[in-house]
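For reference, the structure is listed below as structure tokens.
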Amino acid sequence: MTGCMVRVALAVGALSSMGAALDNGLASSPPMGWSTWNTFARSINATIFYETMDAMVDNGMQAAGYEYINIDGGWWEGSDTGVVVRNATGYPLVHSEKFPDGLEPVIAALHAKGFKYGHYTDAGEKACNLDAPMSEGYEHQDA
């Protein structure tokens with residue numbers, strides 16, 4: 001066997017073992033999910049969330065590998081006024097009109113359907129579109 005053939009054989013062997021090493025069930029597809037922002041911006045509420053999770057099951061998105069449903073801006077009290085309303089210990093309050101029972105039942109319903117929950121906050125002074133205050137000074141509570 002020539003030196004060139006040996007190098008080719010080693011390279012093929014290395015590539016095939018890499019493929020086998022990666023066939024471990026982890027990240028067999030990229031993490032896939034859906035976020036509320038692009039469709040609803042801050043106009044999100046519990047009803048829309050329940051309807052969305054049902055639609056993602058019914059239209060085959062979940063079967064195709066979508067596993068995350070992420071809530072973006074608009075979930076916190078004051079999100080429509082430019083003021084984050086916080087409780088006595090500094091945690092942001094959930095918007096009481098949009099989520100009258102809080103986020104816990106929404107998250108429980110997501111988990112019951114086999115989805116994972118994602119939650120938006122921003123470590124800066126303003127939200128990413130710069131029109132609402134966010135977590136600066138409250139990073140520990142908001143994380």
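At 0.36 nm per residue, and after removing the present C-alpha to C-alpha distance, how many nm does the segment from L93 to H140 gain when stretched out fully?
15.4 nm
Share of the range 31-143's accessible area from carbon and sulfur, percent, 1.4 Å?
That fraction is 53 percent.
At a Förster radius of 30 Å, what calculated FRET efficiency corresponds to the Cβ-Cβ distance of D23 and S43, to the nearest 0.05?
0.10
Fully extended, how many nm does the chain gain between A112 and Y68 (0.36 nm per residue separation, minus their Cα-Cα distance)?
Working it through step by step, the gained length comes to 14.6 nm.
Please report how far the C-alpha centroid of the range 102-125 lies from that of the range 49-79, rounded to the nearest whole angstrom.
9 Å
Between Y50 and V83, take the C-beta separation as r, use R0 = 25 Å, and let me know the FRET efficiency to the nearest 0.05.
0.35
The values are calculated or read from the model by the stated rules, or taken from the named source; none is laboratory data. All values derive from a computational prediction rather than experimental measurement. In this analysis, Cβ positions are derived from the backbone assuming ideal geometry, glycine residues included, and neighbour counts consider all displayed protein chains. Note: accessible area is taken over every heavy atom of the protein model, side chains too, but ligands, DNA and RNA are not part of it. Shrake-Rupley method; radii C 1.70, N 1.55, O 1.52, S 1.80 Å.
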